[in-house]
Amino acid sequence: MPNMNPKKNEMPSQAPDVRNKNFEEVALGYTPELAADEAARCLNCKNAPCITGCPVHVNIPGFIAKLREGDPEGAYVVLSGSNALPAVCGRVCPQESQCESKCVRGIKGEPVGIGRLERYTADYHLSHPGKPAEKPASNGHKVAVIGAGPAGLTCAGDLAKMGYQVTIFEALHIAGGVLVYGIPQFRLPKEIVAAEIENLKALGVEIVTNAVIGRSETVDELFEDGFEAVFLGTGAGLPMFMGIPGESLNGVCSANEFLTRVNLMKAYRDDTDTPIYHARRVAVVGGGNVAMDAARCAKRLGAEEVSIVYRRSEAEMPARREEIEHAKEEGIVMRVLQNPVEILGTEGRDRRVRAMRCVRMELGEPDASGRRRPVEIPGSEYELECDFVIMALGTRPNPLISSTTENLETKRGGVLVADENGKTTREGVFAGGDAVTGAATVILAMGAGKTSARAIDEYIRSKN
Amino acid sequence: MYKIVKKLDLNPTVSLMEVEAPMAARRAKAGQFVIIIPDEKGERIPLTIADYNREQGTVTVIFQVVGTSTLKLQHLKAGDSVYAFVGPLGRPTHVEGLKNVAVIGGGVGNAIAYPVAKALHEAGARVTTIAGFRSNDLVILEKEFDAVSDNFVRMSDDGTWGTKGLVTDALRELIERGEKFDEVIAIGPIVMMKFVSLLTKEYGIKTVVSMNPIMIDGTGMCGGCRLTVGGESKFACVDGPEFDGHLVDFDEAMARSAMYREQERHSYEATCNLFKGVE
């Protein structure tokens, strides 16, 4: 009999007032008992609407059925068959707008906690290491993947399983892309990312770090080196600024810089050399997941007050509901319907931030995005006292590769032109993830990596 | 890991390091930079390329000890390794078509001025080098400069090497004497590049400066290295590191370079004590 409790099992987590002072993971994961109870809520629907909500089409009822049978390792086999990074997705996927939004149990009550069960299954596997994955027999064809983020790792994993010899080139010194430089430790422990990457290496994927394609080597040279196809999973790493006066003051940085210092360079730890500014009052400009991550990191570094400054209202924030709630619980102040117009600095040579001048906004008619357009309220300017400003306004693709590769077209916003299979305007070059869509989610990038892996396989077969 | 094949202390605070990094060596050009991470817990340190050897697959950097990370680098020896070596990054110096160029180096900036002078010399330009140091005991690359310069002007603050005075004094004198430079390339402390640029502006001589701001990734991802150039925000790592000296906001660049001064000082003192403890 299925468990007909209308509510999902809550996942144990650190108390807000404790966790906002440490970088340990916020959510602690299901116990075996909670996982069994939650798995029993799945009705095992024949048409499995949940699968249609998943960009990588995980066999959701299949892996949950294994959990119900008390076989978590079996569940992992099902799960990992279609998802190269299940421990990551279980943590950072917006399940509420994907698989769980399609769950039949969600019609009368809460959907099955698919994300939480995915996380439980993947964590079970990581803490009960069995035989490492076996390296498939090589088919002798070489593929280069640029960027070791979600798109690149997924594409590489799928190609390796088909027998391709895959080399990933990563610009930074650690593989993982946004999973290691962007998403904080307390949402996604870096040990989890490292373990998932070890799984890929066991499949025979080679990862070359410190390789900036477009500078160290060009895409054209990769073809000369014998790679038959190239996948660009280079993400959207170029930060945007507002273009308001005072943005060059000391104490204004992009969320990318702040998060890279904290997450990749581990500046929150005493034993690392990368400096970080321990601010007293922090203003984070933006309303997306990245803004929430930056605000929560700033709080953990000891700031007295951290606020999110967002020009629309909370309902329009692009961040996940869960992230907004977590941030509020941790004491982040939401200053909505206000927009910075100038950042004010101290006098003298130091030029440090002392305040941000903001104007209050109201919502007018809906704009092209369908959201109501924020309109300035005349005469409503005020100064928000702060000594650190983090700009979390979104990112664009880095032009380093598009500008150094012949016949590779981009369009508005600097994104690469690619068809639904990831095929770019340059023969043999495929692309997916944020590099094509602009800043989006981990799972959409993974879906694109998967699609391109299939397209690359077809392309190479057609040539041989 | 990347093996150090040669390590030389050029003066008490400036060292040369040649590192095995075949990928970086394959495409390295004068004016570009690399990023070195000394060990797993280290910073990403941007250092401009001083020399490279494509056959041996090595890249040479020359650095001054200014903080924790450069102090860590200085303590490494030939045979040791660095954790990461990334490059080449940034755009190379534009040398084509130049006929008569003044290359101006200040202090450790001379380490970067040298490959530029060499590249210009190899491209057939007439090269006037004006090198400035505080005093005789800090001089680096004298022989090397001599070999690639048609005219080599030595300047020092205290008169212990060459002529006493600033590099701008020497440059003004050359221009006043009728030297027709089609370009001046200045590499050194921000304040020196600022005053060289102010001087050449008076005479309308195109001037290129090499900026070395605080940066993390070096690929255009963090924006920490942004500068205002001609009223526009530019990233030194991908748009530079070389910029038109007449357009750079040097005062802003100076203020920005002090962002972490306080933390850096504390960290440096702690690291100094640590090294004292081991030795």
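The values are calculated or read from the model by the stated rules, or taken from the named source; none is laboratory data. Everything quoted here is computed from the prediction, not taken from an experiment. In this analysis, Cβ positions are derived from the backbone assuming ideal geometry, glycine residues included, and neighbour counts consider all displayed protein chains.
Scanning the stretch A:217-247 for residues that are touching a residue at least 12 places away in the same chain (Cβ under 8 Å) and among the small types (Gly, Ala, Ser) returns A:Gly226, A:Ala229, A:Gly233, A:Gly235, A:Ala236, A:Gly237, A:Gly246. Scoring A:Asn263 on the criteria (1) surrounded by fewer than 23 Cβ atoms within 10 Å (Cβ to Cβ); (2) modelled with pLDDT under 95 leaves a single failure, condition (1). Residues that are at the interface with another protein chain (Cβ under 8 Å from one of its Cβ atoms) and β-branched (Val, Ile, Thr) within the stretch A:249-275 comprise A:Thr260, A:Thr272, A:Thr274, listed in sequence order. I'm told A:Val18 meets every condition in (1) within 26 Å of A:Arg300 (Cβ to Cβ); (2) touching a residue at least 12 places away in the same chain (Cβ under 8 Å) except one. Can you identify the failing condition by its number? It is condition (2) that A:Val18 fails. Annotation note: of A:Arg412, A:Arg426, A:Arg454, the sole residue that is surrounded by fewer than 19 Cβ atoms within 10 Å (Cβ to Cβ) and in contact with a helix residue (DSSP H, G or I) (Cβ under 9 Å, 6 or more places away or on another chain) is A:Arg454. For the stretch B:165-183, the criterion of being more than 30 Å from A:Gly237 (Cβ to Cβ) and within 14 Å of chain A (Cβ to nearest Cβ) is met by none of the residues.
Can you name every one of the strands (runs of 3 or more DSSP E) wholly within the stretch A:353-464 that holds 1 or more residues which are within 15 Å of A:Phe231 (Cα to Cα)?
Filter on the stretch A:353-464 gives A:429-431.
Considering A:Pro136, A:Pro150, A:Pro129, the condition of being away from chain B (no Cβ under 14 Å) and crowded, with 24+ Cβ neighbours inside 10 Å is satisfied by A:Pro150 alone.
Restricting the search to helices (runs of 4 or more DSSP H) fully inside the stretch A:7-85 and requiring at least 2 residues that are within 23 Å of A:Thr451 (Cβ to Cβ) gives A:49-52, A:60-68, A:72-82. Would you please name the residue that is farthest from B:Met259 (Cα to Cα), looking only at residues in the stretch B:209-228 that are among the β-branched types (Val, Ile, Thr) and within 11 Å of chain A (Cβ to nearest Cβ)? Result: B:Thr219.
Evaluating A:Ser13 against the criteria (1) among the hydroxyl-bearing types (Ser, Thr, Tyr); (2) buried (at least 19 other Cβ atoms within 10 Å of the Cβ); (3) without any contact (Cβ under 8 Å) to a residue 40 or more places away in the chain leaves one unmet condition, (2). Among the residues of the stretch A:70-77, at least one is at pLDDT 95 or above and among the aliphatic types (A, V, I, L, M).
Considering (1) exposed (fewer than 15 other Cβ atoms within 10 Å of the Cβ); (2) at pLDDT below 95, the lone condition that A:Ala27 does not fulfil carries the number (1).
In this entry, A:Ala195 is excluded by the filter for residues that are of a type in the set (A, V, I, L, M) and modelled with pLDDT of 95 or more. Got a sec? Which of A:Gly288, A:Gly246 is more than 23 Å from A:Arg320 (Cβ to Cβ) and either more than 9 Å from chain B (Cβ to nearest Cβ) or at pLDDT 95 or above (or both)? Unique residue meeting the criteria: A:Gly246. Considered as a group, the residues in the stretch A:291-313 that are assigned to a helix (DSSP H, G or I) and crowded, with 24+ Cβ neighbours inside 10 Å include one that is nearest to the other protein chains (Cβ to nearest Cβ), and that residue is A:Ala294. Within the stretch A:116-126, the residues that satisfy the criterion of being crowded, with 22+ Cβ neighbours inside 10 Å and not acidic (Asp, Glu) are A:Arg116, A:Leu117, A:Arg119, A:Tyr120, A:Thr121, A:Ala122.
Is it fair to say B:Ala123 is among the aliphatic types (A, V, I, L, M) and in contact with a Ser or Thr (Cβ under 8 Å, 6 or more places away or on another chain)?
Working: among the aliphatic types (A, V, I, L, M): yes; in contact with a Ser or Thr (Cβ under 8 Å, 6 or more places away or on another chain): no.
It is false that B:Ala123 is among the aliphatic types (A, V, I, L, M) and in contact with a Ser or Thr (Cβ under 8 Å, 6 or more places away or on another chain).
When you scan the stretch B:142-158, do you find a residue that is within 14 Å of chain A (Cβ to nearest Cβ), among the basic types (Lys, Arg), within 30 Å of B:Val5 (Cβ to Cβ) and not in a loop (DSSP other than H, G, I, E, B), even just one? No; the residues of the stretch B:142-158 include none that is within 14 Å of chain A (Cβ to nearest Cβ), among the basic types (Lys, Arg), within 30 Å of B:Val5 (Cβ to Cβ) and not in a loop (DSSP other than H, G, I, E, B). All told, B:Ser81 falls short of being in contact with a strand residue (DSSP E or B) (Cβ under 6 Å, 6 or more places away or on another chain), among the hydroxyl-bearing types (Ser, Thr, Tyr) and under 22 Å from B:Met192 (Cα atoms).
With a requirement of 1 or more residues that are surrounded by 22 or more Cβ atoms within 10 Å (Cβ to Cβ), of a type outside the set (D, E, K, R) and within 14 Å of another protein chain (Cβ to nearest Cβ), the helices (runs of 4 or more DSSP H) lying completely within the stretch A:165-239 that satisfy it span A:178-181, A:219-224.
Within the stretch B:56-66, the presence of at least one residue that is within 14 Å of chain A (Cβ to nearest Cβ), modelled with pLDDT of 95 or more and at positive phi is confirmed.
Are any of the residues in the stretch A:385-395 hydroxyl-bearing (Ser, Thr, Tyr), within 12 Å of chain B (Cβ to nearest Cβ) and surrounded by 18 or more Cβ atoms within 10 Å (Cβ to Cβ)? Within the stretch A:385-395 (the criterion being hydroxyl-bearing (Ser, Thr, Tyr), within 12 Å of chain B (Cβ to nearest Cβ) and surrounded by 18 or more Cβ atoms within 10 Å (Cβ to Cβ)), the answer is yes, since at least one residue qualifies. Pairing each residue of the stretch B:44-63 that is touching a residue at least 40 places away in the same chain (Cβ under 8 Å) and under 27 Å from B:Pro213 (Cβ atoms) with any residue that is among the acidic types (Asp, Glu) and not in a strand (DSSP E or B), provided the two are 6+ apart or on different chains, yields C-beta distances under 8 Å for B:Arg44/B:Asp217.
Does B:Asp80 fit the bill of being away from every other protein chain (no Cβ under 14 Å) and modelled with pLDDT under 95?
Numbers: away from every other protein chain (no Cβ under 14 Å): yes; modelled with pLDDT under 95: no.
No: the conditions fail for B:Asp80.
Residues in the stretch B:83-98 that are of a type outside the set (Ser, Thr, Tyr) and either under 19 Å from B:Tyr268 (Cα atoms) or within 11 Å of chain A (Cβ to nearest Cβ) (or both): B:Ala84, B:Phe85, B:Val86, B:Gly87, B:Pro88, B:Leu89, B:Gly90, B:Arg91, B:Pro92.
So if I check each of B:Ser135, B:Ser156, which one is among the small types (Gly, Ala, Ser), under 19 Å from B:Pro189 (Cα atoms) and surrounded by fewer than 20 Cβ atoms within 10 Å (Cβ to Cβ)?
Values: B:Ser156 fails: surrounded by fewer than 20 Cβ atoms within 10 Å (Cβ to Cβ).
Of B:Ser135, B:Ser156, the one residue that is among the small types (Gly, Ala, Ser), under 19 Å from B:Pro189 (Cα atoms) and surrounded by fewer than 20 Cβ atoms within 10 Å (Cβ to Cβ) is B:Ser135.
Across the stretch B:1-44, the number of residues qualifying as within 11 Å of another protein chain (Cβ to nearest Cβ), closer than 27 Å to B:Lys143 by Cβ and within 19 Å of the chain's Cα centre (by Cα) comes to 8.
Quick check on the stretch A:276-285: of everything there that is within 14 Å of chain B (Cβ to nearest Cβ) and under 23 Å from the mean Cα position of the chain (by Cα), which residue is surrounded by the most Cβ atoms within 10 Å (Cβ to Cβ)? Checked the stretch A:276-285; the qualifying residue surrounded by the most Cβ atoms within 10 Å (Cβ to Cβ) is A:Val285. When A:Glu224, A:Glu314, A:Glu323 are checked against the criterion of being more than 20 Å from the chain's Cα centre (by Cα) and over 30 Å from B:Leu89 (Cα atoms), a single residue qualifies: A:Glu314.
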